[in-house]
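Novice: Please find one structure pasted underneath; my questions will follow.
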Amino acid sequence: MSQRLANLQPRERGKLYLVRRGSSGSCSNLPTWEKGGKVDRHPPRDQTAGLKHAITGLREFLGLAEVYAEEIIRRSPPGQQK
């Protein structure tokens, strides 16, 4: 399980939003939280597919981490679980 967690690459926080579509293509926004504040990034069109993949990678990583943590807790001897 830990190897599967380590192998999930790349990972990116946030959610990609389509801001507008124009004659020259679409414009996207990737809001994230960094150092306690909201940061908006406007990635170039050629990076949006990779960002979508990385955001999905983070979701998969967090899901596997939750399963892994539950498994470790389940295996812990009684009395050591908090």
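The values are calculated or read from the model by the stated rules, or taken from the named source; none is laboratory data. Being a predicted model, the structure only gives us computed values, none of them experimental. A quick note on method: Cβ atoms are made from the backbone with ideal geometry, for glycine too, and the neighbour counts reach across all protein chains shown.
Novice: Look at Ile73 and say whether it is in a helix (DSSP H, G or I) and either over 11 Å from the mean Cα position of the chain (by Cα) or in contact (Cβ under 8 Å) with a residue 60 or more places away in the chain (or both).
Specialist: In short, yes.
Novice: Given the conditions (1) part of a helix (DSSP H, G or I); (2) surrounded by fewer than 13 Cβ atoms within 10 Å (Cβ to Cβ); (3) free of Cβ contacts under 8 Å to residues at least 40 places away in the same chain, which single one is not true for Arg20?
Specialist: (1)
Novice: Specify which of the listed residues (Leu64, Leu58) is surrounded by 11 or more Cβ atoms within 10 Å (Cβ to Cβ), touching a Lys or Arg at 6+ places or on another chain (Cβ under 9 Å), within 15 Å of Arg13 (Cα to Cα) and among the aliphatic types (A, V, I, L, M). Before you say what the answer is, go through the steps one by one.
Specialist: On the way: Leu64 fails: within 15 Å of Arg13 (Cα to Cα).
Step by step, each of Leu64, Leu58 is checked, and only Leu58 is surrounded by 11 or more Cβ atoms within 10 Å (Cβ to Cβ), touching a Lys or Arg at 6+ places or on another chain (Cβ under 9 Å), within 15 Å of Arg13 (Cα to Cα) and among the aliphatic types (A, V, I, L, M).
Each row is one residue, and each column tells you yes or no for (1) out of contact with any Pro (no Cβ under 6 Å at 6 or more places or on another chain); (2) at pLDDT 90 or above; (3) not small (Gly, Ala, Ser).
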{"site": "Leu5", "(1), (2), (3)": "yes, no, yes"}
{"site": "Leu8", "(1), (2), (3)": "yes, no, yes"}
{"site": "Arg11", "(1), (2), (3)": "yes, no, yes"}
{"site": "Ser23", "(1), (2), (3)": "yes, no, no"}
{"site": "Ser26", "(1), (2), (3)": "yes, no, no"}
{"site": "Thr32", "(1), (2), (3)": "yes, no, yes"}
{"site": "Gly36", "(1), (2), (3)": "yes, yes, no"}
{"site": "Lys52", "(1), (2), (3)": "yes, yes, yes"}
{"site": "Pro77", "(1), (2), (3)": "yes, no, yes"}
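Novice: Limited to segment 33-70, what total is found for residues that are part of a helix (DSSP H, G or I), without any contact (Cβ under 8 Å) to a residue 60 or more places away in the chain, farther than 20 Å from Leu18 by Cα and of a type outside the set (A, V, I, L, M)?
Specialist: The number of residues fulfilling the criteria is 5.
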